[in-house]
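Q: Structure below; questions to follow.
What follows draws every value from the coordinates through simple rules; no lab data is involved. A quick note: this is a predicted structure, and the numbers were derived from the prediction, not measured. Every residue, glycine as well, gets a Cβ built from its backbone with ideal geometry; the counts of neighbours run over all protein chains shown.
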Amino acid sequence: MTFFMSHAPVLAIIIPLMGAPICALFRGKTAPWLFTLILSGIAFAYSIDLLIAVSANGPISYEIGGWAPPYGIEYVADPLSAFVMVIISGISTGVLLYAKDSIANEVPTSRLGFFFAAYLLALTGMMGITVTGDAFNIFVFLEITSLSSYVLIAMGARQDRRALTAAFQYLIIGTIGATFILIGVGLLYVMTGTLNIADIADKFDSISDTRPIRAAVGFLIVGIAIKLAMFPFHVWLPNAYSYAPNIVTAFFAGTATKVSVYLLIRFIYTVFGADFSFGTVYLTELLLPLGVIAALSMSVVAIFQDNLKRLLAFSSVAQLGYITIAIALATEAGLTAGILHIFNHAIVKTGLFLTVGAMFFATGTTSIKALAGVGQRMPMTSFGFVLGGLGLIGIPLTPGFISKWYLIQAVLERGDYIGYGLAIAILLSSIFAVIYIWRVVEILYFHPSPEGAKGSEAPLSLLIPCWIFILGSFYFGIETSFNVGFAEQAAQFLMGAR
Amino acid sequence: MFFDHFNYWIVVILMMIGLYTVMSRSNLVKKMIGLSLFQISVFLLYISMGKIEGGTAPIVSNAPDVIYSNPLPHVLILTAIVVGVATTALGLALIVRIKEAFGSVDEEEILSNEDNL
Amino acid sequence: MIEGLNPGIILILGALIVPLTSGFIRGILLLALPVLGLAQLIMLGLGSWGQFEIMGMQLTVTHIDPLSRVFGLIFHVAAFAGILYSLHVKDTMQHVATLIYAGSAIGAVFAGDLITLFTFWEITAVSSVFLIWASRTERSFKSGIRYLIIQVTSGVVLLGGIALYAADTGSIKFETMEFGSLATWFFLIAFGIKAAFPLLHNWVQDSYPEATVTGSVILSAFTTKLAIYALARSFPGTDLLIWIGVVMVIFPVVHATLENDLRRTMAYSLNSQQGFMIIAIGIGGDLAINGVAAHATISILYTCLMFMVTGAALYRTGTAKITELGGLYKSMPVTSTFAILGALIIIAAPLTGAFATKALIMSAALDAKMVILWLAMLFGAVAVIDNVGLKIPLFGFFSKDNGKRFQEAPLHMLLAMAVMAGFGIFIGLSPATFFALLPTPMESHTYTASHVVTQLQLIAFAVLIFALALRTGYYPKMRDSITLDFDWIYRKAGKMALTKTSSIVANFWDQTKGFGLMLVGWAIDKAEKSHGEGQAMSRTVSSGYAVSVILILFGIALVVIYA
Amino acid sequence: MPNSDNRTYWLDRPGNVNKLFYGVVALTVVLAIPDIFALFNIFYDKHPKTEIEEIPFFYGLYAMISMLVLLGVSNSVSNFLKRDEDYYD
């Protein structure tokens, strides 16, 4: 057991990575799914072990192949990365519980092996990004995630051929983003002569005033912002989320952009250091307006959407705006709120996308108009959606409330007019959220079902995972010691790091 | 100035050509070519950084005081090249599927097609 | 019973079981829940329970002191009677909403901190709207939306206040506060919306009459009184409240006189009665706060009772409009008797509860040497004799026979009325028993000769004028119409041509509003043009365009970073 | 049992409404008596809290004035404020 524990950081990555090609060999409906579920579950278990160990004993460093850093590649599990790993593998496992019937409905059985192989690769990539302590390794894992996610999104083509163009557009934009990150990492390497993140961070102050470093900051921030779907770099996200298979959407909504948020935090706070990021190069002034516009404008866009998945996708961009605001505040309270919202939004949004997936499963559509009267036909699913929607709005007892509370406390902490303005913007955006959720609820419940409408309640295999997420979100909205505790721990660690 | 760093200028020019192609062409295949050019410019950037003037290839020899070029960027960029190839292959595969589904490889045409769905 | 469980939570949790039951069992369950809650409340006694820390803030889920206990007791009684009254309803949604609503109101009363208060506060808003929507008409739907927006706004303002208050003082305890800071203004507005302060009041008259027969009974008991409780807890002795209260007492009575719809008449009158309590809170001091608690209790009893009798009339005849009702006492003698009893309570006739409780507030005003205030309240007391005491029984039940005959109200409705009327009269017969429950112990001299005589004089002369006005035809004619109120401003502005009598102020108002509406319309239009489906902000753009945007932003980023 | 009730009720009989009215008038007169006693300080003590209460028949007068004001205001604004039932729809 000690072997498995002491290699936990790398095993959490290697197991799904090695599993992927094996999975591609499986045929049939059940085998690849079950295999993927088991591997994801193992990764989840390792992540939890890691998080417990890190929270008890401080950061864990793992040297790949026994090569000592800074020459070898180092995997580092610190409070932030362990926390994000738990989120990713947890969401992935939860979504997989749900996946079996849902995906069999949307992807040809003959392709399921490949589908789940790509799924495992995406999981590997995201876990790898969080745990690696090597800047170039980040790029590699990022591309593993990206390439597999293009494939996963394109798998939606059987339902809607626009999945193909969405995937292609994501490929173009995503590659540009990843390449920007590659350029940034290269420039950092040129200036510091090392790729180890801790090492770069050590040497950063001595060379921080040079022009290549500033260019590197620009490339990295913009590159990450593209992968993060920060407004206005979000153009790929709504289409990709709308046309991808439902479980892919649910999986990515909870994880893909969150990993990029992790990267943003990692670079801003660990590599550049808060003093440089906010004192020398004014990242607050750059990110804050983008966050505010995203929170407001994208919420308004969500109000007008006709497709439920697209509505939720725009809502995700708006929620990422909150996180951007939180990070740009450059305070410990802000950082806590941001990290907290990564967790809270992940669980709520995944739950919502799963309920929408169940509606699609039963009715074959995600057009809001066509879902009229679903409240009567699918009471459990619809009620799940309503509860999830409450979480998105931020009603007390939901995690949305917790993170909004922290965020508002954090912006008010500024104590100036910008702080009050931000608080108003956040409240305004919440009101928009009420409107777009309400619009859906109204149609689900108060409009009569169209003549001869299909669909009765979704099967239990879909309902139970949905409700796990919904009830889980309420659990974390009430008993907040887990999410708030680890978010605070991570924020303290990051602020104390330099 | 220009000739001192002409390799970097080439990187920049290639990058601009690549990005401009991605921006301006609506033919998806041309877009992919632009994207590849853009990536390749970054490969050149990495390779240029590793070069040390007067340095030889980083092969162990017994001669004293040999200056080697830095091999690490070259190794790194091998990985990036693989990624680039994978991206291009995937992109082209998608283009084939798009052509099957929409009957066109022109983005403008596809978008106007989509509106009529 | 679980130690320290907030009684309101029993009702809320119970509501979740209701959909699983039906028929007889459901009836038993519905009635048992308020009784259980009441038992829990009585067994708990006074004190604080359920304290735990969350996000570094000290929460107290259950906090019972004498003030909250009075409100909690009457809320349980009202919940029981309201449910009894609605036993015939087959609509599960209404039962669930009723229980959650009543439970959250009770929960809010026993909230020991602001976060708990806010939570229950919002649940009352969201659950109660279903009682309005349960009418399932277009009108009630729209009215419910307006109601919900206003109620949720109250919650949002409250939350804003809490955030500021926590930042100011570092405490989230729900206790008496010094009025003045920005946070307390937020609280005042949030409470004021629910208490139906003047200009914030229209949701009452807008929504209560649109609710179902049973819904309006239940609505009338909780929301406004919860706000009274919140104000009494946080701002006793705040002078501003006195003046708000005076306007509140006087402002709605004209509307109540003119109104044709019995339930809307009640809604206006309820508003005016709220004013008495607001004034008393403004006066502050032990006697006045006792008066608030006592009068709120009685007020719930008679308001519910009157909504019950008008509701019974509506239930049997299908209308609650004076012009369409006639000779109802012949068909529904028992209900009519309860209407008279309710009227007697509401006009504070001796031997009824209000006689004892209104006197507390009146003498508090006199003790504080506020004669003008006292006169204003006396005017309100006369007005309520007219509006409810005489108008509802006479016009609603004893008006000229129009030949139509209906059935007497169902037994369970009559029982529910009997519960309310019984309590109302019991308190009047034995005020000392009730006063022992009030926040501060005090001696009561309810039945002095002068008090009885003066009150009877007040009633009798008001009746005389009422009778004279009827005989001479001076009393305003009831017409099948509605009466404009301040909500005209937000429901109608800009559409109505101004009559020549309207002043320049009104003109200015109109223009401002018109401009405001135009601005809002313009904003929505712009938002739709820019953010709508397929518009600039949400369109599927070509990847080339997307890349250009990225590069432009990259340029901006570089400028910022190099700055 | 719509329209089946042909009983004559007390209120329906002519003159009874008048009786009721005169009853009210008589009641007011009876209730004014204590104030008359109070003028001569016999039998009944008002113990007023304010000067204004010392005016004879104060409560009766004030009730009448209040009612007249209320009805007067109501009558005068009635035409201005009344609208059709579906005004807002």
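Matching residues to (1) touching a residue at least 40 places away in the same chain (Cβ under 8 Å); (2) surrounded by fewer than 24 Cβ atoms within 10 Å (Cβ to Cβ):
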site	(1), (2)
A:192	no, yes
A:202	no, yes
A:206	no, yes
A:214	yes, yes
A:242	yes, no
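Q: In the stretch A:439-498, which residues are of a type in the set (Val, Ile, Thr) and over 17 Å from residue A:84 (Cβ atoms)?
A: Within the stretch A:439-498, A:440, A:441, A:443, A:464, A:468, A:470, A:478, A:480 meet the criteria.
Q: Among the candidates A:275, A:209, A:202, which residue alone is within 12 Å of chain C (Cβ to nearest Cβ), more than 28 Å from residue A:122 (Cα to Cα) and either over 15 Å from the mean Cα position of the chain (by Cα) or outside any helix (DSSP H, G or I) (or both)?
A: Criteria check complete, one pass: A:209.
Q: Continuing with the same structure: Within the stretch C:211-268, can you find the residues that are out of contact with any Pro (no Cβ under 7 Å at 6 or more places or on another chain), charged (D, E, K, R) and surrounded by 24 or more Cβ atoms within 10 Å (Cβ to Cβ)?
A: C:225, C:259 - these are the residues of the stretch C:211-268 that are out of contact with any Pro (no Cβ under 7 Å at 6 or more places or on another chain), charged (D, E, K, R) and surrounded by 24 or more Cβ atoms within 10 Å (Cβ to Cβ).
Q: Only one of C:34, C:19 is touching a helix residue (DSSP H, G or I) at 6+ places or on another chain (Cβ under 7 Å), assigned to a helix (DSSP H, G or I), surrounded by fewer than 15 Cβ atoms within 10 Å (Cβ to Cβ) and not hydroxyl-bearing (Ser, Thr, Tyr); which?
A: C:19
Q: Which ones in the stretch A:179-199 are closer than 24 Å to residue A:232 by Cβ and facing chain B (nearest Cβ under 8 Å)?
A: Listed by number, the residues that qualify are A:179, A:182, A:183.
Q: Looking at the stretch A:147-165, which of its residues are part of a helix (DSSP H, G or I), of a type outside the set (Val, Ile, Thr) and more than 8 Å from every other protein chain (Cβ to nearest Cβ)?
A: Going residue by residue through the stretch A:147-165, those that are part of a helix (DSSP H, G or I) are A:147-158, A:162-165.
Checking which are of a type outside the set (Val, Ile, Thr) leaves us with A:147-150, A:152, A:154-158, A:162-164.
Result: A:148, A:149, A:152, A:155, A:156, A:158, A:163.
So that you can scan it fast, the table gives a plain yes or no per residue for (1) more than 12 Å from every other protein chain (Cβ to nearest Cβ); (2) assigned to a loop (DSSP other than H, G, I, E, B):
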residue	(1), (2)
A:392	yes, no
A:404	no, no
A:420	no, no
A:432	no, no
A:451	yes, yes
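Q: So, in the stretch C:363-372, how many residues would count as being surrounded by fewer than 22 Cβ atoms within 10 Å (Cβ to Cβ), hydrophobic (A, V, I, L, M, F, W, C) and either in a helix (DSSP H, G or I) or facing another protein chain (nearest Cβ under 8 Å) (or both)?
A: 3
Q: Specify which of the listed residues (B:96, B:105, B:83) is loosely packed, with under 14 Cβ neighbours inside 10 Å and of a type in the set (Val, Ile, Thr).
A: Just a single option satisfies the conditions, and that option is B:96.
Q: Residues that are under 24 Å from the mean Cα position of the chain (by Cα): find the helices (runs of 4 or more DSSP H) completely inside the stretch C:401-483 holding 1 or more of those.
A: Qualifying helices (runs of 4 or more DSSP H): C:411-429, C:431-435.
Q: Sticking with this structure for a sec: Residues of the stretch A:57-80 being small (Gly, Ala, Ser) and touching a strand residue (DSSP E or B) at 6+ places or on another chain (Cβ under 9 Å), which ones?
A: Hits for the stretch A:57-80 are A:61, A:68, A:72, A:77.
Q: Tell me which residues, restricted to the stretch A:255-270, are within 15 Å of residue A:230 (Cα to Cα) and of a type outside the set (Lys, Arg).
A: A:255, A:256, A:257, A:259, A:260, A:261, A:262, A:263, A:264, A:265
Q: Counting only residues that are free of Cβ contacts under 8 Å to residues at least 60 places away in the same chain and farther than 18 Å from residue B:46 by Cα, which one in the stretch A:133-145 is farthest from the other protein chains (Cβ to nearest Cβ)?
A: Top of the filtered list is A:141.
Q: Out of (1) under 17 Å from residue A:395 (Cβ atoms); (2) crowded, with 23+ Cβ neighbours inside 10 Å; (3) within 12 Å of chain A (Cβ to nearest Cβ), what's the single condition that is false for residue C:124?
A: Only one criterion in (1) under 17 Å from residue A:395 (Cβ atoms); (2) crowded, with 23+ Cβ neighbours inside 10 Å; (3) within 12 Å of chain A (Cβ to nearest Cβ) is unmet by residue C:124, namely (3).
Q: Conditions first: (1) surrounded by fewer than 24 Cβ atoms within 10 Å (Cβ to Cβ); (2) among the hydrophobic types (A, V, I, L, M, F, W, C); (3) without any contact (Cβ under 8 Å) to a residue 24 or more places away in the chain. Residue A:333 passes all but one, so which condition is the exception?
A: (3)
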